[in-house]
Amino acid sequence: MWISDLGSLAQSLLITQWVLLTVSETGSISCRLQGTSTPALSKEGDFLIGGIFAFHYEHILEQNFTGHPLSLQCTGRLYSRELRFARAMEFAIEEINNRSDLLPNITLGYQIHDSCGAVPMALKVAFQFANGQDPEFTLDPSCTVMANVAAVIGDSNTTPSIGMTRVLGLFGVPQVSHFATCACLSDKQQYPAFFRTIPSDQYQAAALAQLVKYFGWTWIGAICSDSDYGNSGMASFLSAAQKEGICVEYSVAFSSSSPRIKVERLAELICSSTSRVIVAFVDSVDMHLLLQELTKQPTRLLQWIGCEAWVTDPEVLKYGLLAGAVGFGIERSVIPGFRKFLLGLSAVQLSHSTLLKEFWQETFNCRLFEGQIDPDNSEGLKMCTGTEDLSTVNNPYTDTSQLRITNMVYKAMYAVAHAIHGVVCKGRKNLQSQCNKSIVVKPYQVLEELRKVNFTINGYPVAFDSNGDPVATYDLINWQEAKDGAMQFVTVGHYDASKLKGQEFSLSRNISWMNRQTQVPVSVCSESCPPGTRKAAQKGKPVCCYDCVPCGEGEISNATDSLDCISCPDDYWPNSQRNACLLKLVEFLSLDEVLGIILAVCSIAGACMVVAVAVIFYRHRTSPIVRANNSELSFLLLFSLTLCFLCSLTFIGRPSEWSCMLRHTAFAITFVLCISCVLGKTLVVLMAFRATLPGSNVMKWFGPPQQRMTVVCFTSVQALLCTLWLILSPPFPIKNMSLYKERIILECNLGSTGAFWAVLGYIGLLAVLCFVLAFLARKLPDNFNEAKFITFSMLIFCAVWITFIPTYVSSPGKFTVAVEIFAILASSFGLMICIFIPKCFIIIFRPEQNTKKHLMGKVPSKAL
């Protein structure tokens with residue numbers, strides 16, 4: 001809206017800068033302009049539109065301090081691309097003036113100025129747009145304060161645009177830029193009158209970060225122009241890159257006004273850095289300067305990622321070291337009739353415009369002078385007439401194959417026209433006949449209408465959001481080499497910020513990378529960590545610089561560049577590469593392995609031997625040697641030995657709840673039964689010899705019933721212990737995962753360790769008692785004293801089980817079970833061999849010794 005106090009302040013600023021203040025005799029204050037900027041292109045009309053473009057990028061200000069300072073002057077090379085932008089504005093105005101549906105019977109005029117890409121010139125033009133060019137005027141409270149133009153198109157650069165909109169905003173003059181992309185200009189608190197048809201760098205920065213992430217580049221260099229455009233754009237990019245996990249090796253700002261040494265050092269830094277990808281948020285002028293310096297450095301292949309400021313600039317194409325560059329540019333467009341308009345420059349137009357004359361002379365390398373020889377033609381250039389054919393020239397002005405920013409100017413002009421239409425034709429039904437061109441159009445009215453515009457021109461939608469920005473869409477541009485060797489812009493993808501997150505970016509064709517490579521270049525600080533390792537940050541370096549550390553024991557990582565390793569579940573263990581969890585090997589003593597088979601065969605063989613002995617004893621049950629030491633106990637002992645051999649089979653196979661309870665209790669009871677029988681036989685031997693003494697009646701207290709009772713009592717004690725064990729805390733199967741981390745040992749937990757050692761101790765107690773009694777009876781007179789063999793058997797039995805204890809405790813996994821089986825088999829074989837094999841030998845091979853006389857010692861015996 002219009003605020004007269006702010007307008008007065010702006011006029012005061014203008015007075016201090018560009019006008020001479022005088023006081024007349026009547027006391028009124030008058031102002032006289034000390035110099036104005038002449039429009040480079042202009043045309044009268046009912047409503048004036050201001051335009052400002054950077055036709056040149058240098059300026060001079062002569063000041064001798066002896067008089068009034070001269071006006072700023074633009075100088076340097078003419079940028080024909082900027083001239084094409086200005087002519088696009090002219091073309092759009094000419095189209096609008098010829099339309100009957102938009103501003104009918106109303107003519108738009110324009111004043112297009114050169115900003116030199118400099119803030120001072122842009123500010124001067126801004127004040128001129130706001131105040132007009134009257135050579136002298138009087139400040140009077142009754143004066144109508146009105147801007148000279150209804151709206152302004154431009155500038156092409158961010159920093160001049162910021163300066164202009166700060167001034168124009170005070171007057172409520174809307175400014176629509178076609179190329180100022182700084183995200184800062186979206187702040188409507190600071191720049192309420194600023195609009196643009198080009199997307200904000202906020203979106204481009206996000207798009208560039210996504211592009212870098214998409215191709216896996218995590219280690220990049222970053223350079224930017226030291227200006228509002230470059231610094232703001234780079235700040236947005238670095239913020240987006242950080243969120244994507246991208247690290248920046250260096251970030252340097254420079255400009256064409258920087259000392260030469262700074263540009264040289266930047267070029268050296270780029271060539272010596274380790275990153276192979278450079279993101280350049282640089283305007284085209286600064287890019288020219290840097291590339292000129294890089295051509296002096298040793299050649300190094302680099303992948304350039306560019307912003308729209310230079311990636312679609314035809315004048316940068318001549319630098320071969322940018323081959324394969326990729327960046328986002330404004331969507332390519334078509335403006336019907338525009339090329340014909342550009343090529344239709346006439347001699348009359350050239351004579352009325354110094355800018356067009358300069359362009360013509362530079363294009364055809366001649367001097368354009370009417371009527372006589374140009375006295376300034378000191379270079380001896382050829383003369384040109386103004387009738388030369390522009391269609392034969394190939395330069396940015398005539399190149400309409402890549403109309404991108406040009407279309408932004410075109411849309412900006414139409415947006416202003418629609419806004420003015422909304423003011424002068426407001427509320428009219430017949431737009432062709434009732435638009436009032438005599439209405440005084442106030443800039444703030446155009447400003448209000450600009451916020452509402454929403455139309456489509458040549459298929460391109462035009463609308464502004466609450467920040468004055470359009471919807472962000474970009475083409476992904478790739479610099480590819482054509483068959484004739486010339487560089488060309490090729491669209492290889494698209495970015496649309498209006499799409500869902502993660503779907504904004506898409507590729508449509510292959511990219512030609514640096515040095516015509518087809519494979520994506522690699523630019524990382526550290527190579528990717530393969531599965532099985534994790535990333536460990538290097539101290540003092542960015543997060544993208546890291547070491548690959550193998551996962552710890554029991555851990556895996558199944559993805560590339562894992563930050564952490566994960567532990568495998570309890571039943572799993574990492575493979576050798578530590579990138580997958582495999583089910584742990586389940587280990588137990590099984591019949592499928594050699595050790596299990598051997599022990600099972602030995603167990604069955606032992607049982608078979610006992611059965612064979614029992615058969616022999618049964619067939620010779622009436623023989624003296626069988627009857628000598630209580631045949632009933634002998635058969636009971638053979639039965640218990642059979643059970644001892646067979647109970648070892650319960651230790652082989654996968655442990656289960658029943659097998660765990662059975663194996664330990666069966667072992668305990670059968671061995672007590674076996675030792676009880678041996679103990680009974682030992683007592684029989686002792687009592688038998690004592691019974692031969694005169695007056696002794698010991699045998700009547702240790703007859704067969706008492707022997708049976710002794711075996712039953714001893715065995716019952718063990719059975720009671722085992723019953724209590726099973727009731728209170730029975731053995732149960734477990735998965736032992738602590739012994740081997742890579743294997744699961746299936747074993748039986750003893751339940752109550754005390755119960756286990758109690759039953760084992762009871763067996764040991766009986767064995768020791770039996771050994772002592774047998775030892776005492778070993779020298780009793782007899783040709784076949786069984787006590788000797790019992791002594792040997794008990795000696796073997798005790799030795800086995802004494803050795804068993806430390807071996808059992810120290811044996812790992814399934815070998816614990818194997819040791820227990822071995823002890824059972826060894827002690828069983830010891831009992832059988834020592835007690836029964838000598839008797840079988842006599843029965844089968846020495847039948848002559850199997851007599852009562854021989855056993856009573858009445859016949860000399862032969863050595864066995």
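The values are calculated or read from the model by the stated rules, or taken from the named source; none is laboratory data. Here the structure is a predicted model, which means the values were calculated and not measured. FYI the Cβ positions are ideal-geometry reconstructions off the backbone, even for glycines, and counts take in every protein chain you see.
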*Could you say which residue among LYS779, LYS741 is modelled with pLDDT under 80, of a type outside the set (A, V, I, L, M) and farther than 30 Å from SER567 by Cβ?*
LYS779
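How many residues does the range 836-851 hold that are outside any loop (DSSP other than H, G, I, E, B) and either modelled with pLDDT of 80 or more or not assigned by TED's automatic domain parsing to the domain that holds LEU638 (or both)? Spell out how you get there, then give the answer.
In the first step, residues of the range 836-851 are kept if they are outside any loop (DSSP other than H, G, I, E, B); the result is 837-845, 847-849.
Next cut, either modelled with pLDDT of 80 or more or not assigned by TED's automatic domain parsing to the domain that holds LEU638 (or both) only: 837-845.
Looking only at that region, the number is 9.
Is it the case, given these coordinates, that THR622 is hydroxyl-bearing (Ser, Thr, Tyr), in the same structural domain as GLU747 (by TED's automatic domain parsing) and in a loop (DSSP other than H, G, I, E, B)? Steps first, please.
Details: hydroxyl-bearing (Ser, Thr, Tyr): yes; in the same structural domain as GLU747 (by TED's automatic domain parsing): yes; in a loop (DSSP other than H, G, I, E, B): yes.
Judged against the criteria, THR622 is a match.
Do you know which residues across the range 538-553 are surrounded by 14 or more Cβ atoms within 10 Å (Cβ to Cβ) and part of a loop (DSSP other than H, G, I, E, B)? Can you show your working first?
Of the residues in the range 538-553, the ones surrounded by 14 or more Cβ atoms within 10 Å (Cβ to Cβ) are 538, 542-546, 548, 550-551.
Matches in the range 538-553: GLN538, PRO542, VAL543, CYS544, CYS545, CYS551.
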*How many of the residues in the range 242-274 are touching a helix residue (DSSP H, G or I) at 6+ places or on another chain (Cβ under 9 Å) and without any contact (Cβ under 8 Å) to a residue 24 or more places away in the chain?*
2
*From the list LYS535, LYS442, LYS452, which residue is under 30 Å from SER557 (Cα atoms), of a type outside the set (Val, Ile, Thr) and either surrounded by fewer than 18 Cβ atoms within 10 Å (Cβ to Cβ) or in contact (Cβ under 8 Å) with a residue 24 or more places away in the chain (or both)?*
LYS535
*Can you give me the ranges of the strands (runs of 3 or more DSSP E) entirely in the range 307-393 with at least 1 residues that are at pLDDT below 90?*
366-368, 382-384
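Working carefully through the options PHE489, PHE505, find the one that is crowded, with 19+ Cβ neighbours inside 10 Å, farther than 30 Å from ALA417 by Cα and more than 26 Å from the chain's Cα centre (by Cα). Outline the logic, then answer.
On the way: PHE505 fails: more than 26 Å from the chain's Cα centre (by Cα).
Every option except PHE489 fails the conditions.
From SER512, SER498, which residue is more than 16 Å from the chain's Cα centre (by Cα) and closer than 30 Å to PHE464 by Cβ?
Every option except SER498 fails the conditions.
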_What's the number of the only condition in (1) surrounded by 16 or more Cβ atoms within 10 Å (Cβ to Cβ); (2) out of contact with any Phe, Trp or Tyr (no Cβ under 7 Å at 6 or more places or on another chain); (3) small (Gly, Ala, Ser) that ALA205 fails to meet?_
(2)
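Quick grid of which residues meet (1) modelled with pLDDT under 95; (2) touching a Pro at 6+ places or on another chain (Cβ under 9 Å); (3) in the same structural domain as ASN131 (by TED's automatic domain parsing):
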site	(1), (2), (3)
SER433	yes, yes, yes
ASN436	yes, no, yes
ILE439	yes, no, yes
GLY459	yes, no, yes
ARG509	yes, no, no
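Only one of these is at pLDDT below 85, touching a helix residue (DSSP H, G or I) at 6+ places or on another chain (Cβ under 9 Å) and farther than 21 Å from VAL446 by Cβ: LEU70, LEU78, LEU139. Name it. Give the steps one after another, and end with the answer.
Numbers: LEU70 fails: touching a helix residue (DSSP H, G or I) at 6+ places or on another chain (Cβ under 9 Å); LEU78 fails: at pLDDT below 85.
Sole residue among the options that is at pLDDT below 85, touching a helix residue (DSSP H, G or I) at 6+ places or on another chain (Cβ under 9 Å) and farther than 21 Å from VAL446 by Cβ: LEU139.
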*In the range 705-731, the residues that are in the same structural domain as THR650 (by TED's automatic domain parsing) and of a type in the set (Phe, Trp, Tyr)*: TRP725
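Looking at the structure I just gave you, is ALA183 of a type in the set (Gly, Ala, Ser), under 23 Å from the mean Cα position of the chain (by Cα) and modelled with pLDDT under 95? Let's see the steps before the verdict.
Working: of a type in the set (Gly, Ala, Ser): yes; under 23 Å from the mean Cα position of the chain (by Cα): no; modelled with pLDDT under 95: yes.
So ALA183 does not fit the description; no.
Could you please find all residues in the range 273-291 being among the polar types (S, T, N, Q) and either modelled with pLDDT of 90 or more or in a strand (DSSP E or B) (or both)?
Across the range 273-291, the qualifying residues are SER273, THR274, SER275.
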*How many residues, within the range 554-563, are part of a strand (DSSP E or B) and either at pLDDT below 90 or assigned by TED's automatic domain parsing to the domain that holds GLY216 (or both)?*
0
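Of everything in the range 564-613 that's of a type in the set (Ser, Thr, Tyr) and not in a strand (DSSP E or B), which residue is surrounded by the fewest Cβ atoms within 10 Å (Cβ to Cβ)? Outline the logic, then answer.
So the first thing to find is which residues in the range 564-613 are of a type in the set (Ser, Thr, Tyr), and the list is 567, 572, 576, 590, 603.
Narrowing the set further to residues that are not in a strand (DSSP E or B) leaves 576, 590, 603.
Details: SER576: 8, SER590: 16, SER603: 23.
Here the answer is SER576.
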